[in-house]
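Only one structure is covered here, and it is reproduced in the block below.
The values are calculated or read from the model by the stated rules, or taken from the named source; none is laboratory data. Not measured: the values here are computed from a predicted model. Counting neighbours? That spans all protein chains shown, and the Cβs are built from the backbone with ideal geometry, glycine included.
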């Protein structure tokens, strides 16, 4: 079945017919989005040596995620007022500023600059994450969304793998106490290149549909079982993933003595597991719907808990983070594919804004909690605290299945 899906010529014919805008976004994604994976990789490690208290080590990553959550509504409003192109250019400008600030942070060893740079990345992320909706709007049929989003995630894979690799290989090109000065300069050049490419993006024809018809209230959106499912699937997917991923480099490197290179390998493997299955996930989701992947994602997060409690060897960390990445892929791609079925074209910015605000607020809360729980309660209790969240996700999937009101496609 899987091989037949991959060999389906219709899938590749659809890909060839994607409009120019989508290919521009695919090209920009790895260039601009490589900065956040680097901060995930080195943010906790730099924080541990720069922060006045070791328990603040995960604060840079948490600040990035909080900034994303706080910027989701402004990002949506900016896109509604100024269009996708100008708003995303603004977001990329924040990413470029972030690389310059982080260059200063690593050169001078200033924790305050590290936090400022992390916040700029977070603001940029809020804008750049809207590109997934720009792709959906560029398609002539919403049924093609899973495939198109899958390729977007594959493009992100290049940044997820390439960013940390560039950071480590250029770490000591410019001498500094903590390293990584040249790393952020190179990432800045990549971001600038992405901005130049995005200059060729054209606003979609449906950009002026926002003022036609009445827009429903927030409560009305949440009265739809499919909307609730979409938001919770993405929210739980991001929250559990960020909670565990934020703590893992510190647990590995600082608490259990694994090398920086091994830690990088585990984080990169996690990012690959998040993004590489996307082509297969999208093709299968287009054929079978999202429900099987919601169930598989929830089961994968259950297995993360089991694997994480089995020990602290390198391969135990590796398996745990790979399964965590797969679970995120299934839940986030499902939630994103379901969401457009719950709103009309003129409601898209409001619905997308509600979704992203809830999702990234949950992610911010999880990331802020990770360092505190890890340093005060330890790794095992950090993992135990994931159990109620996974149970809630399971109950929501069962609840939606019992509704029988709206098919997922």
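Among the residues of segment 232-242, is any under 30 Å from residue 376 (Cα atoms), at pLDDT 90 or above, over 22 Å from the mean Cα position of the chain (by Cα) and assigned to a helix (DSSP H, G or I)? Steps first, answer last, please.
Let us first name the residues in segment 232-242 that are under 30 Å from residue 376 (Cα atoms), namely 232-242.
Retained after the next criterion (residues that are at pLDDT 90 or above): 232-242.
Right, trim to over 22 Å from the mean Cα position of the chain (by Cα) and you get none.
So far as segment 232-242 goes, no, none of its residues is under 30 Å from residue 376 (Cα atoms), at pLDDT 90 or above, over 22 Å from the mean Cα position of the chain (by Cα) and assigned to a helix (DSSP H, G or I).
Taking the condition in a helix (DSSP H, G or I), touching a helix residue (DSSP H, G or I) at 6+ places or on another chain (Cβ under 9 Å), loosely packed, with under 15 Cβ neighbours inside 10 Å and at pLDDT 85 or above, does residue 354 pass? Step through it out loud before you land on a result.
Working: in a helix (DSSP H, G or I): yes; touching a helix residue (DSSP H, G or I) at 6+ places or on another chain (Cβ under 9 Å): yes; loosely packed, with under 15 Cβ neighbours inside 10 Å: no; at pLDDT 85 or above: yes.
Taking the combined requirement at face value, the residue does not satisfy it.
Conditions first: (1) surrounded by fewer than 21 Cβ atoms within 10 Å (Cβ to Cβ); (2) touching a helix residue (DSSP H, G or I) at 6+ places or on another chain (Cβ under 7 Å); (3) over 22 Å from residue 394 (Cβ atoms). Residue 319 passes all but one, so which condition is the exception?
Just one mismatch for residue 319, condition (3).
Results for (1) closer than 30 Å to residue 43 by Cβ; (2) surrounded by 14 or more Cβ atoms within 10 Å (Cβ to Cβ); (3) at pLDDT 90 or above, shown as yes or no for each residue.
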| position | (1), (2), (3) |
| --- | --- |
| 165 | yes, yes, no |
| 181 | yes, yes, yes |
| 191 | yes, yes, yes |
| 194 | yes, yes, yes |
| 197 | yes, yes, yes |
| 204 | no, yes, no |
| 216 | no, yes, no |
| 227 | no, yes, yes |
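Can you name every residue in segment 385-394 that is assigned to a helix (DSSP H, G or I) and in contact with a helix residue (DSSP H, G or I) (Cβ under 8 Å, 6 or more places away or on another chain)? Walk me through how you get there before you give the answer.
Residues of segment 385-394 assigned to a helix (DSSP H, G or I): 387-394.
Selection gives 387, 389, 390, 392, 393, 394.
Looking at the structure I just gave you, is residue 376 touching a helix residue (DSSP H, G or I) at 6+ places or on another chain (Cβ under 9 Å), more than 21 Å from residue 270 (Cα to Cα) and in a helix (DSSP H, G or I)? Don't jump to the end; show me each part of the working.
Details: touching a helix residue (DSSP H, G or I) at 6+ places or on another chain (Cβ under 9 Å): yes; more than 21 Å from residue 270 (Cα to Cα): yes; in a helix (DSSP H, G or I): yes.
Yes: the conditions hold for residue 376.
Out of (1) surrounded by fewer than 18 Cβ atoms within 10 Å (Cβ to Cβ); (2) at pLDDT 95 or above; (3) more than 21 Å from the chain's Cα centre (by Cα), the odd one out for residue 307 is which?
Going through (1) surrounded by fewer than 18 Cβ atoms within 10 Å (Cβ to Cβ); (2) at pLDDT 95 or above; (3) more than 21 Å from the chain's Cα centre (by Cα) one by one, residue 307 breaks only (1).
Return a yes/no flag: does segment 95-115 have any residue that is closer than 30 Å to residue 345 by Cβ and in contact with a helix residue (DSSP H, G or I) (Cβ under 9 Å, 6 or more places away or on another chain). Steps first, please.
Here is the first cut: in segment 95-115, the residues closer than 30 Å to residue 345 by Cβ are 95.
With the extra rule that they be in contact with a helix residue (DSSP H, G or I) (Cβ under 9 Å, 6 or more places away or on another chain), the set shrinks to 95.
Yes, some residue in segment 95-115 is closer than 30 Å to residue 345 by Cβ and in contact with a helix residue (DSSP H, G or I) (Cβ under 9 Å, 6 or more places away or on another chain).
Among (1) touching a helix residue (DSSP H, G or I) at 6+ places or on another chain (Cβ under 7 Å); (2) surrounded by fewer than 17 Cβ atoms within 10 Å (Cβ to Cβ); (3) at pLDDT below 90; (4) over 13 Å from residue 246 (Cα atoms), there is one condition residue 53 misses while meeting the rest; what is its number?
Just one mismatch for residue 53, condition (1).
Among the candidates 31, 129, 39, single out the residue that is surrounded by fewer than 24 Cβ atoms within 10 Å (Cβ to Cβ), within 24 Å of residue 270 (Cα to Cα) and at pLDDT below 95. Step through it out loud before you land on a result.
Details: 31 fails: surrounded by fewer than 24 Cβ atoms within 10 Å (Cβ to Cβ); 39 fails: surrounded by fewer than 24 Cβ atoms within 10 Å (Cβ to Cβ).
Unique residue meeting the criteria: 129.
Does segment 297-319 hold any residues that are part of a helix (DSSP H, G or I) and free of Cβ contacts under 8 Å to residues at least 40 places away in the same chain, and which are they?
Let us first name the residues in segment 297-319 that are part of a helix (DSSP H, G or I), namely 297-308, 314-319.
Selection gives 299, 300, 303, 306, 307, 315, 316, 319.
(1) closer than 23 Å to residue 78 by Cα; (2) part of a loop (DSSP other than H, G, I, E, B): which one isn't true of residue 221, the others all being true?
Status for residue 221: all satisfied but (2).
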